[in-house]
Amino acid sequence: MGPGLNPLDPLTHHPHFPTVPKLRFPFLAAVMLCLSCLTVGAASPEQSVVQILNFSQQPLWDSPWRFDQVRRGSGTGFVIKGRRIMTNAHVVSWSKQILVRRYQDPRPYLATVRFIGHDCDLALLEVADERFFEGLEPLDFGPLPTVRSTVVTYGYPAGGEQISYTRGVVSRIELQNYVHIGNRSFLSVQTDAAINPGNSGGPVLQDDLVVGVAFMGIPGLENTGFFIPPPVVEHFLKDIEDGRYDGFPTAGIRIVPLQNPTYRRYLGLNGDSLGARIDSLLPIPATEAVLRPDDVLLKAGDYEVGSDGNVTLDGNRVFAAAAFHSAQHGDSLPLRIWRNRETLELSLPMSTYEDDRVLGNQYDTLPRYLIYAGLVFTPLSQEYMKTLGRDFRALGYAELIYELYYRRAEAPESARPEPIVLASTLAHPANANLRYTSRAVVDRINGLRIERLEDVIRAFDTATNTHHVLELLPNRALETVDRAAADAAHPEILKTYAIPQDRRL
Amino acid sequence: MRLFLCALLICLVPLAGHAAADDRGHARLWQAAVVSLEVTRQQYDHLQPWTRQAQPVAKVGVVIASRQILTTATDLQDLTLVRVQKGGRGQWWTGALLWADYFANVALITVDDSDFWKGLKPVALAPRLNPAASARIVRWNAGSFEMRKAEINRFDVTNPGFTDTAHVFAELSAELGGAGWGEPAFDGKRLIGLVFAQIGNVCHTLPAPFIRSIIDARAKPGYRGLGYFDFTWQPTVNPETQRYLRWEGPPRGVVVIDVVERPGTPSVLQPRDLLLEVDAFPIDIQGDYLDPLYGHLMLENLATRNKWAGDPVRLKIWRDARELEVDYLLPEARNAARLVPTAPYDQEPAYVLLGGLVFQPLTRDYLRSWGENWEERAPFRLAYFRNEEPTPRRSGIVILSQVLPDFFNLGYHDLRNLVLERLNQQPVHSLADLVAALAQASDGFHVFDFMKGDSLQRVILDAHQLEAATRRVQQVYGIQQDRVLPRAQAPTGPAPSVQK
């Protein structure tokens, strides 16, 4: 995680674009004006740009056996080599059915997700019907565009049925939080070309080469769209060469600028331009074996690290974390480190990091849960917190917030691998007298400390006393349920509330 | 029907006339006792603890004895001047604070000049409140004497001024605006309470019997101040909990779920004790007892019902299927009892400035600097410390609240609200620890280590240049003192003293 990232930030804006918003006429007029002056390359890349319709259904994280209503979203994709369609992960997430439409072709084709990378918001689709690819030329990728150069977006944004083109310049290139996953930052290109809902997944072209995949905007900022640049796309494509998507590895270090002259002198560093400090490490054994807090990062891979914590990547000053993004899962990245007043050449094993999965937006895997006697238990996650509303802090869920976002970093020795929350209680005489019925972190059940969902099952299954005893945070609030009454009520509650299974593990 | 109406009117007229005559009669008594108070106090900006401004506060007082004016303690801390006006107009007389008990929210003020007391007559405090009484809340308002009808809705228990103490209050309904500044409430000739807060048309009123208990206790030597219950309980409305605890009688009592370990004093309570009685008052499953004066009240009031810090409270508990009686010693209510305390009363905010780095103790006053919704707006982690109790490992919290930019602290300019764990390897729980650790610099460096998980773990400063840098920052930012350390405070709040 880079400096200044706040674990709550992802909820402050959520600029996914798969749905169709209402648009106003001034916007339409502006797009039409742009179209009149666009020059499309002779190769007609629009032939390879497709519209994607996704019928999706997401689970309800506070009623994890249920699903939200089916939604229809639309986005854009483009054909690349290997008879594959590239698009954004968020365009095809939680999909039940995907249809694709070719340029000026009335026929919809059925598509399926072949690979999906939620961290980098990219996906590859396949179409079984051979006719779909007839006459289509795959688009090729170009290099990272330079700042101030002109790019053209192709896509099927809201406001019409036909393909739309917008042109703009590359405004800047930096690391940005990828809001689809919410807790990862990668290289991103900002442009003033209009990128609107429905553009997501569409190609951004320069000289008929794809130099990016349109993927997000920030509500409230005008003339600001973002696209995923070639280095991130190439990493995704290389990752899947073995038939599996692993994801971007995480170095597990917090890099901070090292500009204070006294601190540099304390570490015995000369000069003031080179070297950023490693302030702390994530509990990743491979990282902890190689690096230490107060190591000074002089070079990562091919990039020298400045005292401001940035590297120069193709002429752009970007946060040094970008230097680690070239590595694949399982690679080792060469590092030059300053430690104990000498330079060391080290090799950092890079691997993906899953322990913070619950702090980001989750996809494709349905929430785990257990229901017993009407008590609904599920892992505490950002997805669960989102069910409490955007201003969940104002509603006083401090214990949930601390347990999810802070304890792991601050007191890992007391952190639970999978904190469990009593999400709700399905009313029944057997549980009607409970005082705490929802939104409480479970500390213990029948004396067993609850580290993960399986512990809840074990605590109930192995009980021998007359009562089940639940202790909830904070202050170990006590709740009791008559065990015989709970056992008797359990099947009845499942039937009453039409719950097909009492657990998903 | 018409006859009946006439008869009713005939009856009502004498009654109304009688009430009006009563009010007029009582008004003279009330006007001779009620005074206006003009308080000027230091208002500190805890985000810039070296700054302050004078804050005027208008309050109401009532004469209750010779040379004694009763009011609430609200906003009397850090006062620089108090003036008193009688009759709602004319001269303001310089007053003096006799004492203020911030935990009880009661204060007495006097005026040295004998001429002031001419024409004033004390009123008596009611020994009990009659819920059926038609009360009046009164005050001087722009030269006129304002009297508002008030009805007692109910009695409840509150924590005054963010303290741990809890005491009874009366909820009075009245068509009155801007109250909550010590307005007296009367039932006939007797004072039944002082209004200390207002929500809509509901005035929260400190009852006279509670006020009397505080005044009487303070008049005796060795006043120890109020205590409080430092254990956490929950209702036992779930009958299964009673069965689980093997209680076989009729439903009663509350279950203790958390106890605070006091150093050197093992708690007489344990989690899962069923608390049946407090000082012989049976406790019901909601946690209420039947008070002879006020009816059903939360058991917390039994910590302040004629009880003082250090007093034993006899508790009857059910533990391991046996009934036990234990003596619980009331801990003293004081600001420092919490991990995030209220800032000490009558002291300027504490801070230490080191080369532009501002260190402050984390207090509730600091958190309240984020405004009305501070619980949502203040940095979450700092605000969350309110839920934690002090431990030997962390008895207090010192934060790096901000950095005043200077080239000396280049690279640290954006740091704020970091929890300091150690300075020069020495644990820091207070500003005194911080100052002491400054003597432990090694090789000319001060090493500041912050709490794990914070946005930065370490800061290094040049020990040799620190003093010069601090002086430079003081000069640039206009800060007179580089440090203000907290003074030890009397356990019962400010000592009884007359401000001259």
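Look at the stretch B:373-379: the mean tally of other chain Cβ atoms within 10 Å of its residues' Cβ atoms is 2.
Charging the Cβ of each Asp and Glu at -1 and of each Lys and Arg at +1, and nothing else, the dipole of segment B:368-500 about its Cα centre rounds to 340 debye. About the Cα centre, and with charges only on the beta carbon of Lys, Arg (+1) and Asp, Glu (-1), how big is the dipole of the protein assembly as shown? Nearest 20 debye, please. For the protein assembly as shown, the charge dipole is close to 2780 debye. Calculate, in whole percent, how much of the Cα-Cα pair population of segment B:232-331 lies beyond 16 Å. Summing the P(r) tail past 16 Å for segment B:232-331 gives 55 percent. Each 20 Å bin from zero up to the one holding the largest Cα-Cα distance in chain B carries the following percent of pairs: 20, 45, 29, 5, 1, 0.
Charge tally around A:P261: other residues with Cβ under 15 Å, Lys/Arg +1 each, Asp/Glu -1 each, net -1.
In this Cβ point-charge picture (+1 for Lys and Arg, -1 for Asp and Glu), chain A has a dipole of about 840 debye about its Cα centre. Can you give me the Cα centroid spacing of segment A:50-129 and segment A:412-442 in angstrom? Their Cα centres are 35 Å away from one another. Look at the dipole of segment B:351-484 built from charges on Cβ: of B:V403, B:V435, B:T470, the Cα furthest out on the positive end belongs to B:V435.
Distance between the C-alpha centres of segment B:353-401 and segment B:248-271: 30 Å, rounded to the whole angstrom.
Count Lys and Arg as plus one, Asp and Glu as minus one, and take only other residues whose Cβ is under 12 Å from that of A:T365; the net charge is then 0. Projected onto its three principal axes, the C-alpha set of segment B:151-217 covers 33, 31, 20 Å, listed from the longest axis down.
For A:K238, the aspartates and glutamates whose Cα comes closer than 18 Å to its Cα, not counting residues fewer than 8 places off in the same chain, are A:D119, A:D121, A:E126, A:D140, A:D246, A:D331. Once the Cβ-Cβ distance between B:N130 and B:A65 is put in as r, and R0 is 22 Å, what FRET efficiency do you end up with, to the nearest 0.05? So the FRET efficiency works out to roughly 0.45. What do you get for the angle between helix B:208-219 and the principal long axis of chain B? Use alpha-carbon atoms, 0 to 90 degrees, nearest ten. Computed tilt is about 60 degrees. Computed on protein heavy atoms with a 1.4 Å probe, the accessible areas place A:F55, A:F248 in the order A:F55, A:F248, largest first.
Past 20 Å, Cα to Cα, is the threshold; run B:K86/B:K118; B:K59/B:K86; B:K121/B:K149; B:K59/B:K220 against it and keep the listed order. In this structure, B:K121/B:K149; B:K59/B:K220 lie more than 20 Å apart at Cα.
Here the 3J(HN,Hα) profile of segment A:181-198, calculated from phi with Karplus coefficients 6.51, -1.76 and 1.60 at θ = phi - 60°, is 8, x, 10, 9, 10, 9, 4, 8, 10, 9, 9, 8, 5, 5, 10, 10, x, x Hz, Gly and Pro shown as x. Dipole orientation for chain B: of the candidates B:A150, B:M298, B:A321, B:A150 has the Cα lying most toward the positive pole (charges on Cβ; Lys, Arg +1; Asp, Glu -1). Amide H contacts of B:F445 (H built 1.01 Å from N, in plane; Pro and chain starts excluded): B:A463 sit under 5 Å, all sequence-distant by 5 or more or on other chains. Each of A:R458, A:R407 has its accessible area taken with a 1.4 Å probe; listed largest first, they run A:R458, A:R407. Derived scalar couplings between HN and Hα for segment B:474-486 equal 4, 5, 5, 9, x, 10, 5, 10, 7, 7, 10, 9, x Hz in order, rounded to whole Hz, by the Karplus curve 6.51 cos²θ - 1.76 cosθ + 1.60 (θ = phi - 60°), x for Gly and Pro.
With no solvent and one point on each alpha carbon, what is the Debye value of log10 I(q)/I(0) for segment A:367-504 at q = 0.15, 0.19, 0.20, 0.21 Å⁻¹? Once normalised to I(0) and log-transformed, intensities are -0.71, -1.14, -1.25, -1.36. Peptide B:194-200 is shielded by partner chain Cβ atoms: per residue, an average of 0 of them sit within 10 Å of its Cβ. With the convex hull drawn around the C-alpha atoms of segment A:253-349, the volume per residue stands at 86 Å³. Protection proxy ranking for B:259-266, B:180-187, using the average of other Cβ atoms within 10 Å per residue and placing the highest first: B:180-187, B:259-266.
The Rg/Rh ratio of segment B:39-175, with both radii computed over alpha carbons and Rh defined as the Kirkwood radius, is 0.99. Geometric descriptor of segment B:351-484, per residue, is 112 Å³ (volume of the convex hull of the Cα atoms). From most to least packed by mean Cβ count within 10 Å, the peptides B:148-157, B:222-231 give B:222-231, B:148-157.
Sequence-ordered 3J(HN,Hα) estimates for segment B:181-198 from the Karplus curve with 6.51, -1.76 and 1.60 and θ = phi - 60° stand at 10, x, 4, x, 10, 10, 10, x, 7, 9, 7, 9, x, 10, 6, 10, 6, 9 Hz, glycine and proline given as x.
Annotation: amide H of B:V106 within the under-5 Å range of B:A73, B:D101, sequence separation 5 or more or interchain, hydrogens built in the peptide plane.
Note on segment B:112-251: along the principal axes its Cα atoms extend 68, 41, 26 Å, ordered by decreasing extent.
All other residues whose Cβ lies under 14 angstrom from that of B:R212 are scored, Lys and Arg at +1 and Asp and Glu at -1, for a net of +3.
Positive end of the dipole of segment B:351-484 (Cβ unit charges, origin at the Cα centre): among B:G355, B:N417, B:Q457, the Cα lying farthest that way belongs to B:N417. Normalised by residue number, the volume inside the convex hull of the Cα atoms of segment A:312-442 is 195 Å³ per residue. Principal axis analysis of the Cα atoms in segment B:348-405 yields extents of 32, 32, 21 Å, listed in decreasing size. For segment B:384-440, the set of trypsin sites (Lys or Arg not before Pro) satisfying both a DSSP loop assignment and a count of at most 12 other C-beta atoms within 10 Å is given as B:R393.
The mean count of C-beta atoms from other chains within 10 Å of the C-beta of residues in A:256-268, rounded to a whole number, is 6.
Legend: residues A:V358, B:V82, sorted from most to least accessible area (1.4 Å probe; ligands, DNA and RNA excluded), read A:V358, B:V82.
Pairwise Cα separations in the protein assembly as shown fall into 20 Å bins from 0 onward with the following percentages, short to long: 11, 32, 33, 20, 4, 0. Based on DSSP H segments of at least four residues, each scored -39500 (n - 2.57), the protein assembly as shown has a per-residue ellipticity at 222 nm of -4000 deg cm²/dmol.
Against the empirical 2.2 N^0.38 Å (N residues), segment A:43-243 has a Cα radius of gyration ratio of 0.97. Remark: the protein assembly as shown carries 44 Å² of accessible area per residue (probe radius 1.4 Å; ligands, DNA and RNA excluded). With each label modelled as a point 7 angstrom along the Cα→C-beta vector, the A:A394-A:S438 pair spans 1.9 nm. Remark on chain A: Rg and Dmax equal 25.5, 79 Å (Cα only).
The values are calculated or read from the model by the stated rules, or taken from the named source; none is laboratory data. These numbers come from a predicted model, not from an experiment. Using ideal geometry, Cβ is built from the backbone for each residue, glycine included, and neighbour counts are taken over all protein chains shown. Surface areas here come from the heavy atoms of the whole protein model, side chains and all, with no ligands, DNA or RNA. Shrake-Rupley method; radii C 1.70, N 1.55, O 1.52, S 1.80 Å.
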